[in-house]
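Below is one structure, written out as structure tokens; the observations come after it.
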Amino acid sequence: MIKIGILASYNGSGFETIQKAIVDKKLDAKVVVVITNNTNAGVLQKAESYDIPYFIINDKRYPGQNIDDKIARLLKEFDCDYIFLSGFMKKIESSLLNTFPNKIINTHPAILPSIYGGKGMYGRFVHEAVIKNGEKKSGVTIHYVNEVYDEGEIILTKELVLNENETVDSLENRIKDLESIAIIEAFEKLLA
């Protein structure tokens, strides 16, 4: 059985998508640990409700220590096969990338490669830019993480056509629904 570690900064909706697929027997995997850098992250309650070990690792709790090394050691301790970034708002550094080459997976709320990826392009900011630029399509990209924001090898892309009266809110909701499908399809592909 594949062991998945989750890195999340807020609510961890992608984690919840994976956990539901595991419970529903759609994925032969197990989330073994949840790590956040945010003391108030909603993902903590979710991890607790599923009885999954969770940790808060940030500079305030561990001043002067290398946070990425600490995270890497913890993920190794839990013997993770894959690490999934569920809205993790901290850049992944080389120590973590070197410990888990081609094992760290991110979801991005746009089609990559494009101008809608890179530093500062996440969540609502992406949807605002897509609407502002009058794009006809948007989508979701599931990709491996490397040293550069949103430039890792693509695992899977799903597209949708924007409606004529699309708003940032409606696009955000549609992308979240599409993302739930894409995350599971990407893991099915990886586990096949």
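The values are calculated or read from the model by the stated rules, or taken from the named source; none is laboratory data. Here the structure is a predicted model, which means the values were calculated and not measured. Here the Cβ positions follow ideal geometry from the backbone for every residue, glycine too, while neighbour counts run over all protein chains shown. The protein model used for the area step is the full one, side chains on, heavy atoms only, and it has no ligands, DNA or RNA in it. Shrake-Rupley method; radii C 1.70, N 1.55, O 1.52, S 1.80 Å.
Determine if segment 175-188 includes at least one residue that is farther than 22 Å from L7 by Cα and either part of a helix (DSSP H, G or I) or in contact with a Leu (Cβ under 9 Å, 6 or more places away or on another chain) (or both).
No, segment 175-188 has no match at all.
Return the only residue of G152, G117 being in contact with a strand residue (DSSP E or B) (Cβ under 8 Å, 6 or more places away or on another chain), closer than 23 Å to L191 by Cβ, free of Cβ contacts under 8 Å to residues at least 60 places away in the same chain and among the small types (G, A, S).
G152
Out of the residues in segment 12-24 that are more than 15 Å from N106 (Cα to Cα) and in contact (Cβ under 8 Å) with a residue 24 or more places away in the chain, state the one that is least open to solvent (accessible area, probe 1.4 Å).
Of everything passing the filter in segment 12-24, A21 is least open to solvent (accessible area, probe 1.4 Å).
Does segment 136-150 hold any residues that are more than 21 Å from L96 (Cα to Cα) and either of a type in the set (F, W, Y) or surrounded by fewer than 17 Cβ atoms within 10 Å (Cβ to Cβ) (or both), and which are they?
The answer is K136, K137.
Restricting to segment 79-91, count the residues that are surrounded by fewer than 16 Cβ atoms within 10 Å (Cβ to Cβ) and at pLDDT 95 or above.
Looking only at that region, the number is 1.
Could you please give the count of residues in segment 52-72 that are surrounded by 13 or more Cβ atoms within 10 Å (Cβ to Cβ), farther than 12 Å from N37 by Cα, at pLDDT below 95 and out of contact with any Ser or Thr (no Cβ under 6 Å at 6 or more places or on another chain)?
The total comes to 0.
Which of (1) open to solvent by less than 20 Å² (accessible area, probe 1.4 Å); (2) farther than 27 Å from E172 by Cβ; (3) of a type in the set (G, A, S) is the odd one out, the single condition S94 does not satisfy?
Evaluating S94 over (1) open to solvent by less than 20 Å² (accessible area, probe 1.4 Å); (2) farther than 27 Å from E172 by Cβ; (3) of a type in the set (G, A, S) leaves (1) as the failure.
Say we look at segment 25-41 and pick out the residues that are assigned to a loop (DSSP other than H, G, I, E, B) and open to solvent by less than 20 Å² (accessible area, probe 1.4 Å); which of these is farthest from I92 (Cα to Cα)?
Kept after step one, since they are assigned to a loop (DSSP other than H, G, I, E, B), are these residues of segment 25-41: 25-28, 37-41.
Now drop any that are not open to solvent by less than 20 Å² (accessible area, probe 1.4 Å), which leaves 27, 41.
Numbers: L27: 26, A41: 18 Å.
Only one residue tops the list, namely L27.
Mind counting the residues in segment 46-67 that are more than 22 Å from I142 (Cβ to Cβ) and outside any loop (DSSP other than H, G, I, E, B)?
6
List, please: which pairs have Cβ atoms under 6 Å, are six or more places apart or on different chains, and start with a residue in segment 46-69 that is in contact (Cβ under 8 Å) with a residue 60 or more places away in the chain and end with one that is among the hydrophobic types (A, V, I, L, M, F, W, C) and loosely packed, with under 15 Cβ neighbours inside 10 Å?
Between residues of segment 46-69 that are in contact (Cβ under 8 Å) with a residue 60 or more places away in the chain and residues that are among the hydrophobic types (A, V, I, L, M, F, W, C) and loosely packed, with under 15 Cβ neighbours inside 10 Å, there is no close pair.
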